[in-house]
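The values are calculated or read from the model by the stated rules, or taken from the named source; none is laboratory data. As the structure is a computational prediction, the values presented were derived from the model and not from experiment. Positions of Cβ are backbone-derived with ideal geometry, glycine not excepted, and every protein chain shown enters the neighbour counts. With ligands, DNA and RNA removed, areas are computed over all heavy atoms of the protein, side chains included. Shrake-Rupley method; radii C 1.70, N 1.55, O 1.52, S 1.80 Å.
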Amino acid sequence: MREIRGDRLERPLALTGLLLLLACRGPADLSAQVVADTTGVQLYDVGCASCHGQDGRGADPDKVAFDIPLPDFSDCSFASREPDADWIAVAHQGGPVRGFDRTMPAFGEAFSETQLQAIIDHIRTFCGDPKWPRGELNFPRPLITEKAFPEDEFVYELGVRTESPGAVGNAFVYERRFGSKSQIEIALPFGFQDLTPRDPLTVPADSAESGWKGGLGDIGVGLKHVLLHSLTSGTILSGTFEIKLPTGTTSNGFGAGTTRLEPFLTFGQVLPGESFLQGQGGFEISTNTEKTSHEAFWRAALGRSWTQGRWGRAWTPMVEILGSSELESGGATHWSLVPQLQVTLNKRQHIIANIGVGLPLDDTEVRRPEILFYVLWEWFDGGFFAGW
Ligand code: HEC
């Protein structure tokens, strides 16, 4: 009992001493690391440990006066995926700023942002395993270019051709992480298209092959693994192997009619001023070149995020450039441009939408512009209706 009281008394005293020292000597005298190490631990103990526990696992539920479950900061799977900026927002403004409970108090008046950063730096030490890539490397998802970061995500994608003959493509994509660096992905495409012949003389417009037809596309199953990641340099590189099965309703023009194998690399790089570059490059290997040829493809997305107000919604305009080339003699090379705008929809920022337009740059007689859209749900961060 005495020990506990002594412990409680000493910490604020040590903290006052340290703050006095900082005030007298000026923070410039101490290296940033010392400030982070010392004040981070001390401030955490004073401000956060009563609820979050000395070890970051959350205080014993019997010892706190609320029944909201506490996060476990030592659980790398949870902690590594949260970028510092989100935790600082929660610590500064309180839980409700990210759709969490108000039991998580606001510390914006008590601590400066530098102090909050030092506290977060200390919280980061609770997950001591550097294998897990950090949330800062989880860049906004472009419409076409695949991400390097492994995700727990559910996405609905939509593409609508803007000119006749009309076509609507949809896909449900499910992604699930396993281990520190891996992810599996399943994509289920389906669509509708207008098969009414443009020249009614060749096929009468009311024939069986005419009109809007629906069908399933080629189901894709992929395995992604992070090959390297560094928070210091702001880089992440992953390799993916995907197999596309011939499940498409070929009679209505869906799917390639043969199995295709897709090995590709994806990378992301932090650029100055909240901007980023993402890239993807690989091959689509056909198992039956009579039906579809081998292809090489490359994609890049450049973007920047803006926060509405100091802590609000994130708006991310991006532009993608897409290229592909059929690997056969006389095979065509195609380019497209995809300007787009991504926005977080709810406070938790785990429900996100993106809208853009796919603009073919060649063969524009056949390749038509498309409106592209997705809504994604990072299901690990809570239910679809949580955190609005
Ligand atoms: C009065 C108890 C209490 C104190 C003190 C407290 N927290 Fe919390 N904190 C909570 C609760 C409860 C939650 C979970 C809220 C929820 O899930 O809705 C939480 C959640 C959080 C989260 C969100 C984690 C996530 O899921 O992304 C962060 C970050 C956080 N706290 C940081 C801090 C920091 C930093 C301090 C000290 C400066 C602190 N907390 C002090 C109760 C507290």
Considering each residue of segment 278-320, count those that are within 18 Å of the chain's Cα centre (by Cα) and open to solvent by 60 Å² or more (accessible area, probe 1.4 Å), and give that number.
-> 8
Restricting attention to segment 310-338, and to residues there that are over 28 Å from Ser293 (Cβ atoms) and part of a loop (DSSP other than H, G, I, E, B), which single residue is modelled with the highest pLDDT?
-> Arg313
Candidate set: segment 61-113, residues that are open to solvent by 50 Å² or more (accessible area, probe 1.4 Å) and in contact (Cβ under 8 Å) with a residue 60 or more places away in the chain; chosen: the one nearest to the ligand (Cβ to nearest atom) | Phe100
Flag for Ile352 being without any contact (Cβ under 8 Å) to a residue 24 or more places away in the chain and in a strand (DSSP E or B) = no
Give me a count of the residues in segment 245-273 that are free of Cβ contacts under 8 Å to residues at least 40 places away in the same chain and under 21 Å from Glu175 (Cβ atoms).
-> 5
Which of the residues that make up segment 174-197 are part of a strand (DSSP E or B), of a type outside the set (Asp, Glu), closer than 28 Å to Trp212 by Cα and touching a Pro at 6+ places or on another chain (Cβ under 8 Å)?
-> Gln193
Given the conditions (1) touching a residue at least 24 places away in the same chain (Cβ under 8 Å); (2) open to solvent by 20 Å² or more (accessible area, probe 1.4 Å); (3) near the ligand (Cβ under 10 Å from one of its atoms), and given that Ile119 satisfies all but one, which numbered condition is not satisfied?
-> (2)
